[in-house]
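Colleague: The structure's right below; bear with me while I get my questions together.
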Amino acid sequence: MTSNQPDVLIIGGGLGGVAAARAVLMLGRTAVLTEDGDWLGGQLTTQGVPPDEHPWIESDLASAGYRELRTRIREYYRRNYPLTDQARADERLNPGDGFVSALCHEARVAAAVLPEMLAPWIASGALTILYGHRPVAATRDAVRVTSVTLRDRQGNDKRLTGRLVVDATELGDLLEFADIAHVIGAESVGETGELHAPDQADPLDQQAITWCAAVDHRPGESHVIQEPMSYRDWRDTVDPRWPGSQLSWTDVHPITLEERHRPIFAGQPEAAVHGSERDMWHYRRVLARKHFDHSFRGEDITLINWPQTDYWRRPLLGVDDGTRRAALREARELTLSFVYWMQTEAPRADGGHGYPGLRLRGDVLGTLDGLAKEPYIRESRRVKALFTVTEAHIGREMRGRGAGSEIFRDSVGIGYYRIDLHPSTAGRNYVDIGCFPFQIPLGALIPATVDNLLPANKNIGTTHITNGAYRLHPVEWSIGEAVGALAAYCLQNDRTPAQVWADPADARKLQDMLADTLGVPLAWPDDIRCGAGTEDQE
């Protein structure tokens, strides 16, 4: 670093934080990036989840930075794995051939690739990455965050400052620490006017978290884990919104809420198969044995992020530390209980029970216990921003067939995913509804009450409903890029973020910077914006 104070202090090393850092650095500024653990990448790595992406992700309708990330992941496999000639030649290699994504891959590969993307700036001293540092406090004056306190693994505290501060934490921690106006849980229909908002606001209505796990299957071997302490509780408890125990092949269809049956392997008679290989094993498979030559001694590996492991008993936000710790402990126990059930009691097509050859693969996730380093977080504190995206801006049902999403004059990126809310801690079931491909408005990235903090994760100006579409991997990346560019623009032109948003000329210059320097698309072709290619969502 050229001075003790970086231009931009980025707290949180998830996809939004990495993308923000990369943008800041590409635009000639300095940064400090902090990460609680030892892997960058957040939901893609420490939480273990392969990317959920839109149908045009392989085209220039994804940002240049995100396309680089995807290319580097594929090249990592080509450099380091004994691929077959056919797999090596496949420009669109999908390492796991999971049907949830065109790039299902191991978390550890993305964890290796992301630091590579930042390596030149680390070497030059423009970027410092502080691993093993979590935020524990922040201070502010009337309109500025003045410091952030970080605690390392030995319990030592340090205070950092930055000319601009980015909150890229998974739960929007700085919003609480710095007492910045924000929302948790669900807003009411009276507050947002949204078709699918509840009648009453409920801050404890938060999406389920999931503690993911990776497994392979070695028939003829036994890798049965010790019975988890709460196994019988999870096996025997039936939630009113669910057709039976979560430890079952039976769950609920997210859109219709009808009961469905999906076993782990295709070919079981109760499977609801829609096309080939639509069983649970292939859903988020991250390594496909068929891609490797005879020298590879391993098997398929799949990632368990399934409805059976959604944890909804307690929320993480708006509760005391004891309740939060209990929620995290119970989420882990639920996943381990499901693994144990699959190994010992799950019904098989041959009439038997259990797959003892299922083996936890913690090495894939960087752990010894087989689970991800952190839980998969779907919902965060959300800043009260200069502009809030609601269902009326993107929802198909609210806007009408073919109407398309709202066009934002201040767009700083694009994204697309269904409005996908998992069962909540308030007893609500899925809310999984169609939306149109959308833009990311600049106003949603700017807090209404402070001048120098910017959100860069799931903590932007969305609602409980629209967060369900804005929370996925490529959207978080685009949010981070926009925030990094905004920070650099403000420093270069002596503006506050709110001033940039309020001045159309400044906003256009920022958009030019994003499009021309960073390769960020700012608008969908009109036919796609109005729903072409997404008809299956209607």
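The values are calculated or read from the model by the stated rules, or taken from the named source; none is laboratory data. Everything quoted here is computed from the prediction, not taken from an experiment. Neighbour counts are summed over all protein chains in view; Cβ atoms, including those assigned to glycine, are modelled from backbone coordinates with ideal geometry. In case anyone asks, the SASA skips ligands and DNA or RNA and just uses the protein heavy atoms, side chains included. Shrake-Rupley method; radii C 1.70, N 1.55, O 1.52, S 1.80 Å.
Colleague: What translational diffusion coefficient, in µm²/s and rounded to a whole number, does the Stokes-Einstein relation yield for the stretch 443-538 at 20 °C and a viscosity of 1.002 mPa s, taking the hydrodynamic radius as the Kirkwood radius over Cα pairs?
Modeller: Rounded, D is 146 µm²/s.
Colleague: Continuing with this model, one more query. Could you bin all the Cα-Cα distances of the stretch 298-343 into 5 Å bins starting at 0 and give me the percent of pairs in each, rounded to whole numbers?
Modeller: Final binned percentages: 5, 20, 24, 19, 15, 9, 5, 2, 1.
Colleague: Could you give the size of the charge dipole of the chain about its Cα centre, using +1 on the Cβ of each K and R and -1 on the Cβ of each D and E, expressed in debye and rounded to the nearest 20?
Modeller: 1020 debye
Colleague: What does the charge add up to near E116, with Lys and Arg as +1, Asp and Glu as -1, over the other residues with Cβ less than 12 Å from its Cβ?
Modeller: Result for the neighbourhood of E116: +1.
Colleague: Rank T302, P423, G12 by how far each Cα sits towards the positive end of the charge dipole of the chain (+1 on Lys, Arg Cβ; -1 on Asp, Glu Cβ) and give me just the farthest.
Modeller: G12
Colleague: How many angstrom lie between the C-alpha centres of the stretch 37-102 and the stretch 311-351?
Modeller: 28 Å
Colleague: Could you work out what % of the accessible surface of the stretch 421-538 is carbon and sulfur, using a 1.4 angstrom probe and leaving DNA, RNA and ligands out of the count?
Modeller: Values: 1470 of 3140 Å².
Carbon and sulfur atoms account for 47 percent of the accessible area of the stretch 421-538.
Colleague: For the chain, what relative contact order do you get, as a whole percent, if you take Cα pairs closer than 8 Å and at least 6 residues apart?
Modeller: 21 percent
Colleague: Can you give me the angle between helix 107-124 and the longest principal axis of the chain, using Cα atoms only, in degrees from 0 to 90, rounded to the nearest 10?
Modeller: 20 degrees
Colleague: Please report, as a whole percent, how much of the solvent-accessible surface of the stretch 376-417 comes from carbon and sulfur atoms (probe radius 1.4 Å).
Modeller: Roughly 48 percent of what the probe reaches on the stretch 376-417 is carbon or sulfur.
Colleague: Which percentage, to the nearest 5, of the DSSP beta bridges contained in the chain is antiparallel?
Modeller: 70 percent
Colleague: Please give, to one decimal in nm, the separation of the simple spin-label points placed at E191 and T139, each 7 Å out from Cα toward the Cβ.
Modeller: Inter-label distance under the simple model: 3.1 nm.
Colleague: Still on this structure, please answer the following. Carbon-plus-sulfur fraction of the accessible area of the stretch 20-107, 1.4 Å probe, in percent?
Modeller: Carbon plus sulfur share of accessible area: 42 percent.
Colleague: Further question on the same structure: For a quick check of your reading of the filter: which trypsin sites (Lys or Arg not before Pro) in the stretch 369-454 sit in a DSSP loop and have no more than 13 other Cβ atoms within 10 Å?
Modeller: For trypsin sites (Lys or Arg not before Pro) across the stretch 369-454 that sit outside H, G, I, E and B with at most 13 neighbouring Cβ atoms in 10 Å, the list reads R401, R409.
Colleague: Treating the Cα atoms of the stretch 372-525 as identical point scatterers in vacuum, please give the log10 of the normalised Debye intensity I(q)/I(0) at q = 0.12, 0.17, 0.21 Å⁻¹, two decimals.
Modeller: At q = 0.12, 0.17, 0.21 Å⁻¹ the computed log10 ratios are -0.50, -0.96, -1.36.
Colleague: For R92 and D152 in the same chain, what is the full-extension length gain: residue separation times 0.36 nm, less their Cα-Cα distance, in nm?
Modeller: Result: 17.6 nm gained on full extension.
Colleague: OK, next. Any chance you could count the Lys pairs in the chain whose alpha carbons are under 26 Å apart, treating pairs 8 or more apart or on different chains as valid?
Modeller: 6
Colleague: FRET efficiency for H294 and I122, Cβ-Cβ distance as r, R0 = 45 Å, nearest 0.05? Let's see the in-between values first.
Modeller: Details: r = 39 Å, r/R0 = 0.86.
The value I calculate is 0.70.
Colleague: Helix 473-493 versus the longest principal axis of the chain: what angle, 0 to 90°, nearest 10, using Cα atoms?
Modeller: Its long axis makes an angle of about 10 degrees.
Colleague: Separate question: Along the charge dipole of the stretch 42-191, Cβ charges K/R +1 and D/E -1, which of Y81, V100, F177 sits furthest on the positive end?
Modeller: Y81
Colleague: Contact order normalised by length for the stretch 1-73, with contacts defined as Cα pairs under 8 Å and 6 or more residues apart; what percent is it?
Modeller: Rounded, it is 27 percent for the stretch 1-73.
Colleague: Let me check the size of the chain from its C-alpha atoms; what are the radius of gyration and Dmax in Å?
Modeller: 22.5, 71
Colleague: Here's another thing I want to ask about it. Measure nothing fancy, just the Cα-based angle from helix 15-26's long axis to the longest principal axis of the chain, in degrees from 0 to 90, nearest 10.
Modeller: Tilt relative to the chain: about 40 degrees.
Colleague: Rounded, prolate or oblate for the stretch 343-387? Axes are the square roots of the Cα gyration tensor eigenvalues, ordered a ≥ b ≥ c, and the cut-off for rounded is a/c under 1.5.
Modeller: Oblate shape, in that a/c is at least 1.5 and b/c is the bigger or equal ratio.
Colleague: Once amide H atoms are built 1.01 Å from N in the peptide plane, which residues 5 or more positions from N452, or in another chain, come under 5 Å H to H?
Modeller: Those qualifying (amide H under 5 Å, at least 5 residues apart or on another chain) are V145.
Colleague: Modelling each spin label as a point 7 Å along the Cα-to-Cβ direction, I'd like the E259/S222 distance in nm, to one decimal.
Modeller: The modelled label-to-label distance comes out at 3.4 nm.
Colleague: Would you rank T534, T517 by solvent-accessible area, highest first, keeping every protein chain in place and using a 1.4 Å probe?
Modeller: Listed by decreasing accessible area, they come as T517, T534.
Colleague: Over the chain, with the other protein chains present, what is the accessible area per residue in square angstrom, probe 1.4 angstrom?
Modeller: 37 Å²
Colleague: I want to check the label-to-label distance for R232 and E75. Put each point 7 Å from Cα in the C-beta direction and report it in nm to one decimal.
Modeller: 5.6 nm
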